[in-house]
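Worksheet for the structure shown next.
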């Protein structure tokens, strides 16, 4: 599911795991958006509404420099837009950035193993993450990252995050440069 963008046309199939009224509202917001930031904000608002409190960041992946650059954040004080991180050759980077597969991390040990900013994550009370690659033509072009205070994820929550991530794919075409 994370490999395609959502069909925005009226009467298109309902995205998996997304309530009909939420899908319609997101389609409308994305169609009306003037820029990528408005799409990110609409999807971010829906994510927090559907999954509860947490941290959502949306990043661009720059393979030439092996870095992710933050495009949007639900908590810009802790994770400001424009922030970037170099991603070395780690199991997480291979899985999410190079193989374009979803990563699910549950519990402090799992988060500490993959995130060098674990102190900030702990400070926000976050205990679990789902990193969904934003894909275009089968390649990762960005990441849709949701961290929450819950200890673990249900399968349907991971699927919902994969669905929500597909709504941001068209926004990457609207980015400057």
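Which residue out of 96, 69 is closer than 18 Å to residue 135 by Cβ and part of a strand (DSSP E or B)?
On the way: 96 fails: part of a strand (DSSP E or B).
After applying the criteria, what remains is 69.
Could you say whether any residue in the stretch 114-122 is out of contact with any strand residue (DSSP E or B) (no Cβ under 9 Å at 6 or more places or on another chain), within 20 Å of residue 47 (Cβ to Cβ), modelled with pLDDT of 95 or more and surrounded by fewer than 21 Cβ atoms within 10 Å (Cβ to Cβ)? Please lay out each step first, then the result.
Narrowing the stretch 114-122 to residues out of contact with any strand residue (DSSP E or B) (no Cβ under 9 Å at 6 or more places or on another chain): 118-120, 122.
Imposing the further condition that a residue be within 20 Å of residue 47 (Cβ to Cβ) reduces the set to 120.
Subset that is modelled with pLDDT of 95 or more: 120.
After this cut, where a residue has to be surrounded by fewer than 21 Cβ atoms within 10 Å (Cβ to Cβ) as well, the list is 120.
Scanning the stretch 114-122, I find at least one residue that is out of contact with any strand residue (DSSP E or B) (no Cβ under 9 Å at 6 or more places or on another chain), within 20 Å of residue 47 (Cβ to Cβ), modelled with pLDDT of 95 or more and surrounded by fewer than 21 Cβ atoms within 10 Å (Cβ to Cβ), so the answer is yes.
How about the stretch 150-165: which of its residues are in contact with a strand residue (DSSP E or B) (Cβ under 8 Å, 6 or more places away or on another chain) and either surrounded by fewer than 16 Cβ atoms within 10 Å (Cβ to Cβ) or not in a loop (DSSP other than H, G, I, E, B) (or both)? Talk me through it step by step, then tell me what you get.
Going through the stretch 150-165, the residues in contact with a strand residue (DSSP E or B) (Cβ under 8 Å, 6 or more places away or on another chain) turn out to be 150-153, 157-158, 161-162, 164-165.
Answer for the stretch 150-165, where residues must be in contact with a strand residue (DSSP E or B) (Cβ under 8 Å, 6 or more places away or on another chain) and either surrounded by fewer than 16 Cβ atoms within 10 Å (Cβ to Cβ) or not in a loop (DSSP other than H, G, I, E, B) (or both): 151, 152, 157, 158, 161, 162, 164, 165.
Please specify each residue of the stretch 34-55 satisfying the condition of being surrounded by fewer than 18 Cβ atoms within 10 Å (Cβ to Cβ) and under 12 Å from residue 171 (Cα atoms). Can you show your working first?
Start the filter on the stretch 34-55 by keeping residues that are surrounded by fewer than 18 Cβ atoms within 10 Å (Cβ to Cβ), which leaves 34-35, 37-38, 41, 45, 48-50, 52-53.
Result: 34, 35, 37, 38, 41.
Take the residues in the stretch 98-112 that are free of Cβ contacts under 8 Å to residues at least 40 places away in the same chain and surrounded by 14 or more Cβ atoms within 10 Å (Cβ to Cβ), then tell me which one is farthest from residue 143 (Cα to Cα).
Here the answer is 108.
Considering only residues that are in contact with a strand residue (DSSP E or B) (Cβ under 7 Å, 6 or more places away or on another chain) and surrounded by 13 or more Cβ atoms within 10 Å (Cβ to Cβ), which ones fall in the stretch 75-97? If you could, list the steps in order and put the result at the bottom.
The first filter runs over the stretch 75-97 and keeps only residues in contact with a strand residue (DSSP E or B) (Cβ under 7 Å, 6 or more places away or on another chain), leaving 75, 79-87, 92, 95-97.
Residues satisfying the conditions are 75, 79, 81, 83, 84, 85, 87, 92, 95, 96, 97.
Which of the residues spanning the stretch 123-135 are over 15 Å from residue 56 (Cα atoms) and touching a strand residue (DSSP E or B) at 6+ places or on another chain (Cβ under 9 Å)?
If the condition is that a residue be over 15 Å from residue 56 (Cα atoms) and touching a strand residue (DSSP E or B) at 6+ places or on another chain (Cβ under 9 Å), then 135 is the only one that fits.
Does residue 77 qualify as being farther than 21 Å from residue 171 by Cα, modelled with pLDDT of 95 or more, assigned to a helix (DSSP H, G or I) and over 14 Å from the mean Cα position of the chain (by Cα)?
Numbers: farther than 21 Å from residue 171 by Cα: yes; modelled with pLDDT of 95 or more: yes; assigned to a helix (DSSP H, G or I): no; over 14 Å from the mean Cα position of the chain (by Cα): yes.
Taking the combined requirement at face value, the residue does not satisfy it.
Quick check on my filter: what residues within the stretch 99-139 are over 16 Å from the mean Cα position of the chain (by Cα) and assigned to a strand (DSSP E or B)?
Passing the criteria: only 106.
The values are calculated or read from the model by the stated rules, or taken from the named source; none is laboratory data. Since this is a predicted model, take the numbers as computed values, not measurements. Every residue, glycine as well, gets a Cβ built from its backbone with ideal geometry; the counts of neighbours run over all protein chains shown.
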